[in-house]
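Only one structure is covered here, and it is reproduced in the block below.
The values are calculated or read from the model by the stated rules, or taken from the named source; none is laboratory data. This one's a predicted model, so the numbers in the text were calculated from it and none came from an experiment. Cβ coordinates were reconstructed from backbone atoms using ideal geometry, including for glycine residues, and neighbour counts include every protein chain displayed.
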């Protein structure tokens, strides 16, 4: 099997090598005026639903300029990126430097000359340890972790070194170094203020030599893309960034306005019900759906509600936490391992450029943070189902992982597919986690416990119950394997159980609904909509909005009832009426047997007669009419002196009634008729037989 992710990363690295071949490369002739060109090599597709979408890297490629005297302090500039929406890169710490205004130090990074990429720079022998071959060294000197290379910060000096010590005619090339001769800082954190991120005190050392370039890469900039809309055709609406320069030195910049990504919805959802025709599954209040452990789902009543489908609208809309690299890694590996630190590489993960946070250390020895790595997301793409209006007495179960329905359809069973494939496999895989915002641990996914399963042998599928409160509950799955080369659909099975007690009104009658979206989204247990759309030091990444609307019907708990009308009943003037009600739910075609009481309501135009049961006048003591039996009584017993019509409301299906009117002893006059079955918005037909006996609409 081809590992598409490794191939894509390799291709991205090759592209990076080609683009950096001229970085710090000397050439002949004068270099001319210092000029820079801004570009975004690979503008990514950005999810409309995203509040923390990673923008494409902004690269400033500079050439020319005048050489600085050897050992002179390199002048600095402030580089600001402005967006049409809030910057939402993670805030690492908030501080006030030198008594100035409060500043939000973020994980947004500016890199100089692609450090750590390891790209060889010809011609050889070329001084090693500079440019792309330099170690990744953050600016962390002075009074805090982000004072730049200005006074009191990590001051950089110009050092003109020979291109080739063996050939003086080859000339010199300017490189950065510290005043003490140590490794120069080449990584700077950005300050976030609403829709802007500013990199202060960036040393601007002209490359001077013709053919040489100096590269400034801005990465880890996240944005609230949802606020930009994206109402045009998919992939047409751009996210635009403008770059401005200020400070003690001039940095002429061509093309300062860039498209840093293109916006389109990332997720489409649907629900495939387990019934023929795909309509929401209907369950009867009077028919128990047996709890797991007492029911062979394969051979018993269908407890499958259906399948929740999540489809990405472009190949990278579903992302793992980090890009799996190597046989023994997964999409959750990240903490303590800088797996994504090659500048310019496209990783197609929720994380950006990842480096250990303790590298950024102030003079007091305090870390910016000891809990996260800079650029590391808290989890991979998460998919959420919010169940609402679940009738009381009903339990909901979901599959622990994504599944493939038997035969590709909506079968009442789901096959095993619960063993996670290898971490670097392109096979789609997601697993249930224990919350919207619970961060992944060290190489682990916080999963809910397995509470039940269906099937047997190779077709056993693990299930977990969904905790419900006031008829609502949430299930969240995290993507831990994905293939960015295909449009993927994740399917998760939904099951239900309940114990029928119709006479007690359990389960309650109603229609359960479901909303499907990314996770996490704003809510009482996560974050407010306002906070989620702004930079934060406490909220997890990524974050999304819920665009699912009012939700869709999941299943219906339907009342088991037959409404019978006896249009004429009398026990006046020497006549009486015999009343019978047959419970015909026992039959030769396999209809589910039911039992329930029948409530008789009497109408004579005066309201003189209270409701009764078929067995007596005390409804509180009315026994249910057993399946396969006929209940009989006289009107004179139930409603003495009555003449009018009567409704019998029976809490079971397929009730049929008969009335027999006669004088005393049926000596002179007698007649009988069938009670009318009145439509009451309940469709009734016999199980196992064609729906020929439809008693309602």
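Which one is farthest from residue 402 (Cα to Cα), of the residues in the range 449-474 that are at pLDDT 90 or above and not in a strand (DSSP E or B)?
So the first thing to find is which residues in the range 449-474 are at pLDDT 90 or above, and the list is 466-474.
Next, only the ones that are not in a strand (DSSP E or B) stay: 466-468, 470-471.
Working: 466: 16, 467: 19, 468: 21, 470: 27, 471: 24 Å.
Here the answer is 470.
The requirement of being modelled with pLDDT of 75 or more and surrounded by fewer than 16 Cβ atoms within 10 Å (Cβ to Cβ) is satisfied by residue 66. Please verify whether the range 383-394 includes one or more residues that are more than 21 Å from the chain's Cα centre (by Cα), surrounded by 22 or more Cβ atoms within 10 Å (Cβ to Cβ) and at pLDDT 90 or above. Checking the range 383-394: at least one residue is more than 21 Å from the chain's Cα centre (by Cα), surrounded by 22 or more Cβ atoms within 10 Å (Cβ to Cβ) and at pLDDT 90 or above.
Assuming residue 498 fulfils every condition listed in (1) closer than 22 Å to residue 516 by Cβ; (2) in contact with a strand residue (DSSP E or B) (Cβ under 9 Å, 6 or more places away or on another chain); (3) modelled with pLDDT of 85 or more apart from one, which condition is it? In the conditions (1) closer than 22 Å to residue 516 by Cβ; (2) in contact with a strand residue (DSSP E or B) (Cβ under 9 Å, 6 or more places away or on another chain); (3) modelled with pLDDT of 85 or more, residue 498 misses (1) alone. Residue 233 fulfils the conditions (1) more than 36 Å from the chain's Cα centre (by Cα); (2) without any contact (Cβ under 8 Å) to a residue 24 or more places away in the chain except for a single criterion, (1).
State yes or no: is residue 520 out of contact with any strand residue (DSSP E or B) (no Cβ under 6 Å at 6 or more places or on another chain) and surrounded by 24 or more Cβ atoms within 10 Å (Cβ to Cβ)? So residue 520 fits the description; yes.
Contact map, the range 571-585: residues that are at positive phi and assigned by TED's automatic domain parsing to the domain that holds residue 669 paired with residues that are surrounded by fewer than 18 Cβ atoms within 10 Å (Cβ to Cβ) and in a strand (DSSP E or B), Cβ distance under 6 Å, separation 6+ or inter-chain. Pairs shown: 574/663. Applying the selection to the range 586-606, what residues are touching a residue at least 40 places away in the same chain (Cβ under 8 Å) and under 22 Å from residue 283 (Cα atoms)? Across the range 586-606, the qualifying residues are 586, 587, 589, 590, 591, 592, 594, 595, 596, 597, 598. The set of residues in the range 233-256 that are surrounded by fewer than 22 Cβ atoms within 10 Å (Cβ to Cβ) and farther than 25 Å from residue 346 by Cβ comprises 244, 245, 246, 247, 248, 249, 250, 252. Whether a residue is assigned by TED's automatic domain parsing to the domain that holds residue 608, part of a loop (DSSP other than H, G, I, E, B), touching a residue at least 24 places away in the same chain (Cβ under 8 Å) and farther than 21 Å from residue 603 by Cα was assessed, and residue 628 passes this test. Among the residues of the range 494-522, the ones that are on the phi < 0 side of the Ramachandran plot, outside any strand (DSSP E or B) and out of contact with any helix residue (DSSP H, G or I) (no Cβ under 7 Å at 6 or more places or on another chain) come to 10 in all. Picking from residues in the range 560-583 that are in a loop (DSSP other than H, G, I, E, B) and surrounded by 19 or more Cβ atoms within 10 Å (Cβ to Cβ), the one that is modelled with the highest pLDDT is 571.
Screening 250, 210, 272, 246 for residues that are assigned by TED's automatic domain parsing to the domain that holds residue 130, modelled with pLDDT under 95 and part of a strand (DSSP E or B) leaves exactly one candidate, 246. Applying the set (1) surrounded by fewer than 24 Cβ atoms within 10 Å (Cβ to Cβ); (2) without any contact (Cβ under 8 Å) to a residue 60 or more places away in the chain to residue 194 leaves exactly one unmet item: (2). Here residue 14 passes the criteria (1) closer than 29 Å to residue 207 by Cβ; (2) at pLDDT 50 or above; (3) surrounded by fewer than 17 Cβ atoms within 10 Å (Cβ to Cβ) except the one numbered (2).
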